[in-house]
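Enquirer: Below you'll find the structure I mean.
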Amino acid sequence: MKQMTRKELYMIIVLVFISIAIVIFPVIKAQRIYEYEEIDRYFQSIATQREMEKKDASFLRRCYPINPNEYQNVQIYGHKGAMEVEEFAIFQVDYANAEAIMQVCEKRISALKQSFAGYGTTQMETLEKALVKQYGIVILCVIGNDAEALLKEMENAL
Amino acid sequence: MSFTSLSFLFYFLPIALFAYAICPKPLKKAWLIIVSLLFYGWMEPMNVLYLSGLILYAYLGGIFIQNGTSWKIKKLRTWIICGFLIFLLLYFKYAQGVYDALLALFQQEFQVSAWLMPLGSSFILFQMLSYFIDIANDRCEKPSFSDCALYVSFFPKLLMGPIMPYHRFQQENQLCALSWNGIENGVKRFTLGLAQKVILADSFALLYSALSHDFSTLGSWLSSFAYTFELFFDFAGYTNMAIGTAMMFGYYLTENFKHPYRALSARDFWRRWHISLSTWFRDYVYIPLGGNRVSLLKHIGNILIVWLLTGIWHGNSFNFVLWGLYYGILILIEVFLPQRFHLPKQLSRLITFLIVNFGWVIFARSDLSEIYHQLQAMFGFNDVWVSAQSISYLYSSIGLFILAGFIVFMPVERWFQVLINRYSQSEFIIYTCLLVTAIAYLLASQYQSFLYFQF
């Protein structure tokens, strides 16, 4: 310790500060910009693996009653069978409309819950795990048993 | 940013390379550092601060170690500086698990997404450890700030290696210079890697995800082979792209693969698979522990420690520990069991391939019960031998398996060289076809991340 100069002492202080910063930087997650196409591509691959199909405009109108002016892009993936509730809906929106779209997604989940309440135990379990989340200008409605894991994986992957 | 993203291929790489070419010589390194920071921070701007912090830490830490007046002081300082990096690695890999366990223990529901490991941290931190140890051992000259910054941040090796020790990076790149020859070879190598990733690895990825929960005997074997090939083409493809990109900028990166599935034993496999990681563990852990020049018990301990650490390096779930120990035990058997008879080469190759394949079953699944189910099914201890799904995937993917097997097991490179020597124009045609096909696949296919990104 005797050999330590003042310069080295400063260096140690700087090193300690840098160390603290290195630990903290990854914790402070920046508000990153997610691209709609990227998220869609990600969920498209998941949907293909799970043999889900792209839903058409009539499905959108029936299940997500939204004014077309309120979103720029939309893609919905679901199963053919009416008894399977797994579904991914991806909306590209303006910030101003984000809240409205999120409400519609929540309503969709509530509507499904109402239709399966009382008899569809597995469907209800899946619906309980559904998530609606905003990623910048993208709103995601993920209905699936592994909704949370899927979103986490997507955050890591993109 | 990923090597397989269109923005990298069509904007980032050409612009970075062109600017590098016209950049005055004294500014070339600075430009590469800026490009590397941009590459790392492309999707998560906070990563730029993280990487800048690591660069500063490496530079100041290096000086701090070098200023030690005696070997004892240098050693103490190296331990302190490296200790923080080891803590950081454990913090990123294990803090979330510990936090979740504590929440579960106290039945709390409060969640934060705090411990997300920045991409490539395991690779970056291991390179920094080698940098500090090389400095302490006087294996390299005093690095300038730009040398140190470029070593830590050089974008081709940033996310998935190869892990190149500092002294080698310095030695190999002392005379690095941009050349047409380098660009041409780099583009060829990059094309090869891109094709391996998007044509082969991604096809196997889809097959694996479709069959990963088919626990019939046929389904389990198919899914295990699919993962074995996926992992190889994914990682080797990335490495080829990394080496190719570095070549374009006039830099050399160490090789990471040498036909691993043609290995004759488990030990031979690790001389061919992820060479940079196994060399790192040999040089910075196994040899400093005494290697094989110690008592028998200590030698066994050294081997097990190295393999345990190799497993832990890969991730925080128990299957990686198990996978590390699996190889530790295999290598112990190989080292200490007297070899009285030699099997024919092809049979040794087949047995080693199957051993590696079982290893990947452990590696691929974090759920231990799934590992058990798959291995049980593979050995036929299952009620279902063949499922309709596995039969249909066998028919649809048999061509893919044959192609992969041909590339992996046959000396394709040698044949390719013979073909080029005979018909010089064929090289250009083959690489152009590969590049066009790979880009077509890239445009048409769905997103597939690199498997080793998670580490």
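Enquirer: Take the Cβ-Cβ distance between B:LEU38 and B:LEU394 as r, set R0 to 56 Å, and report the resulting FRET efficiency rounded to the nearest 0.05.
Expert: Details: r = 45 Å, r/R0 = 0.80.
The value I calculate is 0.80.
Enquirer: Moving on to the next point. Tell me, which cysteines of the protein assembly as shown are without a disulfide-compatible partner by the Cβ under 4.7 Å rule?
Expert: A:CYS63, B:CYS23, B:CYS82, B:CYS140, B:CYS148, B:CYS176, B:CYS433
Enquirer: Pop a pseudo-label 7 angstrom from the Cα along the beta-carbon direction at both A:GLU51 and B:LEU102 and give the gap in nm to one decimal.
Expert: In this crude spin-label approximation the distance works out to 4.5 nm.
Enquirer: Partner chain Cβ atoms within 10 Å, averaged over the residues of A:49-57 - can you pull that number for me?
Expert: Working: counts 7, 2, 1, 0, 0, 0, 0, 0, 0.
Mean inter-chain Cβ contacts per residue within 10 Å come to 1.
Enquirer: Shape of region B:303-455 from its Cα gyration tensor (a ≥ b ≥ c, root eigenvalues): rounded if a/c is under 1.5, otherwise prolate when a/b > b/c, or oblate? Could you put the intermediate results ahead of the total?
Expert: Details: a/c = 1.69, a/b = 1.39, b/c = 1.21.
In terms of gyration-tensor shape, prolate.
Enquirer: May I ask you to derive the relative contact order of region A:48-90, considering only C-alpha pairs under 8 Å and at least 6 residues apart, and to give it as an integer percent? Numbers along the way, then the final one.
Expert: Values: 37 pairs, mean separation 17.5, N = 43.
With pairs under 8 Å counted, the relative contact order is 41 percent.
Enquirer: Right, another one. When all protein chains stay in place, what accessible area (Å², nearest 10, 1.4 Å probe) is found for B:TRP385?
Expert: Counting only protein heavy atoms, the figure is 150 Å².
Enquirer: If R0 is 25 Å, what FRET efficiency do you get for B:ARG282 and B:GLN171 from their C-beta distance, rounded to 0.05? Kindly include the intermediate steps, with their values, before the conclusion.
Expert: On the way: r = 18 Å, r/R0 = 0.73.
So, using R0 = 25 Å, E works out to roughly 0.85.
Enquirer: Provide the per-residue ³J(HN,Hα) series for region B:240-249, in order, calculated from phi with Karplus coefficients 6.51, -1.76, 1.60 and θ = phi - 60°, each as a whole number of Hz, with x at glycine and proline positions.
Expert: 4, 5, 5, 5, x, 4, 4, 4, 4, 8
Enquirer: Report, to one decimal in Å, the Kirkwood hydrodynamic radius for chain B based on all distinct Cα pairs. Working shown, then result.
Expert: On the way: mean 1/r = 0.0419 Å⁻¹.
Across chain B, the inverse of the average 1/r is 23.9 Å.
Enquirer: So who's got an amide H within less than 5 Å of the one on A:TYR135, skipping anything under 5 residues away but keeping other chains? H placed 1.01 Å off N, in plane.
Expert: A:LEU140
Enquirer: Now for a separate question. Based on the inverse mean of 1/r over its pairs of different Cα atoms, what is the Kirkwood hydrodynamic radius of region B:6-175, in Å? Each step should come with its number before you reach the end.
Expert: Details: mean 1/r = 0.0565 Å⁻¹.
Result for region B:6-175, one decimal place: 17.7 Å.
Enquirer: While we're on this one: Just the number please: accessible area per residue for chain A, 1.4 Å probe, all protein chains included, in Å². Walk me through the numbers before you get to the answer.
Expert: Details: 8890 Å² over 158 residues.
I get 56 Å² per residue for chain A.
Enquirer: Just to make sure I understand: if all protein chains stay in place, what is the order of A:LYS54, A:LYS113, B:LYS188 by accessible area at 1.4 Å, largest first?
Expert: Values: A:LYS54 115, A:LYS113 60, B:LYS188 40 Å².
So the residues, ranked largest to smallest area, are A:LYS54, A:LYS113, B:LYS188.
Enquirer: Here's a follow-up. Once phi is turned into ³J(HN,Hα) by the Karplus curve 6.51 cos²θ - 1.76 cosθ + 1.60 with θ = phi - 60°, what whole-Hz value does each residue of region B:260-267 show in order, with x for glycine and proline?
Expert: x, 7, 9, 5, 9, 7, 4, 5
Enquirer: Set Lys and Arg Cβ to +1 and Asp and Glu Cβ to -1, take the dipole of chain B about its Cα centre, and tell me which of B:GLY61, B:THR352, B:SER5 lies farthest positive.
Expert: So the residue we want is B:GLY61.
Enquirer: Another question, then. Using helices alone, what [θ] at 222 nm do you get for the protein assembly as shown, with -39,500 (n - 2.57) per DSSP H run of 4 or more residues, divided over all residues and rounded to the nearest 500?
Expert: Details: 25 runs with 384 residues, N = 613.
Result for the protein assembly as shown: -20500 deg cm²/dmol, rounded to the nearest 500.
Enquirer: Run the simple label-point estimate for B:GLU370 and A:GLU37 please: 7 Å along Cα→C-beta, distance reported in nm.
Expert: Between B:GLU370 and A:GLU37, the label points sit 3.2 nm apart.
Enquirer: Separate question: At 0.36 nm per residue, minus the direct Cα-Cα distance, what do B:VAL294 and B:SER146 gain on full extension? Give it in nm, one decimal, please. Don't skip to the end; give the middle numbers.
Expert: On the way: separation 148, 0.36 × 148 = 53.28 nm, distance 4.06 nm.
So the chain would gain 49.2 nm between B:VAL294 and B:SER146.
Enquirer: Sticking with this structure for a sec: Counting only other chains, what is the mean number of Cβ atoms within 10 angstrom of the Cβ of each residue in peptide B:46-54? Display every interim value, and only then the final one.
Expert: Working: counts 8, 4, 2, 7, 7, 2, 4, 10, 4.
Mean shielding by partner chains, rounded to a whole number: 5.
Enquirer: So if each residue of separation counts as 0.36 nm, and I subtract the Cα-Cα distance between B:LEU343 and B:ALA440, what length gain in nm does that give?
Expert: Details: separation 97, 0.36 × 97 = 34.92 nm, distance 4.42 nm.
Working it through step by step, the gained length comes to 30.5 nm.
Enquirer: So what is log10(I(q)/I(0)) for region A:33-157 at q = 0.12, 0.15, 0.20 1/Å, when the Debye sum runs over its Cα atoms only?
Expert: The Cα Debye sum returns log10 ratios of -0.40, -0.64, -1.19.
Enquirer: Set the Förster distance to 45 Å, then compute FRET efficiency between A:LYS80 and B:ILE429 from the Cβ-Cβ distance, nearest 0.05.
Expert: Numbers: r = 45 Å, r/R0 = 0.99.
Given R0 = 45 Å and the Cβ-Cβ separation, E is 0.50.
Enquirer: Right, something else. To the nearest 10 square angstrom, what accessible area does A:MET52 show with a 1.4 Å probe?
Expert: 20
Enquirer: Among all the lysines, which ones have a C-alpha under 30 Å from B:LYS93's C-alpha, if same-chain residues fewer than 8 places away are not counted?
Expert: A:LYS29, A:LYS129, A:LYS133, A:LYS152, B:LYS74, B:LYS75, B:LYS157, B:LYS197, B:LYS258, B:LYS298
Enquirer: For chain A, what relative contact order do you get, as a whole percent, if you take Cα pairs closer than 8 Å and at least 6 residues apart?
Expert: Numbers: 184 pairs, mean separation 34.7, N = 158.
For chain A, the relative contact order is 22 percent.
Enquirer: Just how far, in whole angstrom, is region A:112-145 from region B:246-285 if you go by their alpha carbon centroids?
Expert: Taking the Cα centre of region A:112-145 as reference, the centre of region B:246-285 is 46 Å away.
Enquirer: Just to check, using Stokes-Einstein with a Kirkwood Rh over alpha carbon pairs, what's the diffusion coefficient of region B:4-52 at 10 °C and 1.306 mPa s in µm²/s? Walk me through the intermediate numbers first.
Expert: Numbers: Rh = 11.5 Å.
Reported coefficient: 138 µm²/s.
Enquirer: What spacing in nm lies between the two simple spin-label points modelled at B:PHE379 and A:SER115, each 7 Å away from Cα in the Cβ direction?
Expert: Computed distance between label sites B:PHE379 and A:SER115 equals 4.7 nm.
Enquirer: Moving to a separate point now. Please compute the average number of Cβ atoms from other chains found within 10 Å of each residue's Cβ in peptide B:316-322. Walk me through the intermediate numbers first.
Expert: Numbers: counts 0, 0, 0, 0, 0, 0, 0.
Neighbouring Cβ atoms belonging to other protein chains average 0 per residue here.
Enquirer: Within 10 Å, count the other beta carbons around each residue, average over each peptide in B:191-197, B:13-19, B:378-384, and list them highest first.
Expert: Details: B:191-197: 23.9, B:13-19: 15.0, B:378-384: 12.7.
Averaged packing, sorted descending, gives the order B:191-197, B:13-19, B:378-384.
Enquirer: Could I ask something else about it? Under 5 Å between amide hydrogens, which residues at least 5 positions from A:ASN73 or on another chain qualify, with H placed 1.01 Å from N in the peptide plane?
Expert: Sorted by chain and number, the residues that satisfy this are A:GLN92.
Enquirer: Might you work out the accessible area of A:GLU8 for me, using a 1.4 Å probe with all protein chains in place, and round it to the nearest 10 Å²?
Expert: The accessible area of A:GLU8 comes to roughly 20 Å².
Enquirer: Could you give the distance between the Cα centres of region B:329-370 and region A:79-108, to the whole Å?
Expert: 49
Enquirer: Still on this model: Quick query: amide H of A:GLU53 versus all other amide H atoms, modeled in the peptide plane; which residues come in under 5 Å with a sequence gap of 5 or more or a different chain?
Expert: Amide H neighbours of A:GLU53: A:GLY78, A:HIS79, A:LYS80.
Enquirer: What whole-number volume per residue, in cubic angstrom, does the convex hull of the C-alpha atoms of region B:366-409 give? Kindly include the intermediate steps, with their values, before the conclusion.
Expert: Numbers: hull volume 5.0 nm³, N = 44.
Taking only Cα atoms, region B:366-409 has a hull volume of 113 Å³ per residue.
Enquirer: Ordered by residue, what ³J(HN,Hα) values in Hz, to whole numbers, does region B:27-40 give under the Karplus form 6.51 cos²θ - 1.76 cosθ + 1.60, where θ = phi - 60° and Gly and Pro are x?
Expert: Whole-Hz 3J(HN,Hα) from phi for region B:27-40: 9, 4, 5, 4, 4, 5, 5, 4, 4, 5, 5, 4, 4, 6.
Enquirer: Pull out a ≥ b ≥ c, the square roots of the eigenvalues of the alpha-carbon gyration tensor of region B:215-301, then state rounded if a/c is under 1.5, prolate if not and a/b is larger than b/c, and oblate in the remaining case. Please report the intermediate quantities before stating the final value.
Expert: Details: a/c = 3.13, a/b = 1.14, b/c = 2.74.
Note, shape of region B:215-301 comes out oblate.
Enquirer: On to the next question. Nothing charged except the Cβ atoms of Lys and Arg (+1) and of Asp and Glu (-1): what's the magnitude of the dipole of the protein assembly as shown about its Cα centre? Round to the nearest 20 debye.
Expert: It comes to approximately 2420 debye.
Enquirer: Here's a follow-up. Once you have the Kirkwood Rh of the protein assembly as shown from its Cα pairs, apply Stokes-Einstein at 37 °C and 0.692 mPa s and quote D in µm²/s. Walk me through the intermediate numbers first.
Expert: Working: Rh = 26.8 Å.
Reported coefficient: 123 µm²/s.
The values are calculated or read from the model by the stated rules, or taken from the named source; none is laboratory data. Please read all numbers here as calculations on a predicted model, not as lab measurements. Every residue, glycine as well, gets a Cβ built from its backbone with ideal geometry; the counts of neighbours run over all protein chains shown. We work out accessible area using only protein heavy atoms, side chains counted, and drop any ligands, DNA or RNA first. Shrake-Rupley method; radii C 1.70, N 1.55, O 1.52, S 1.80 Å.
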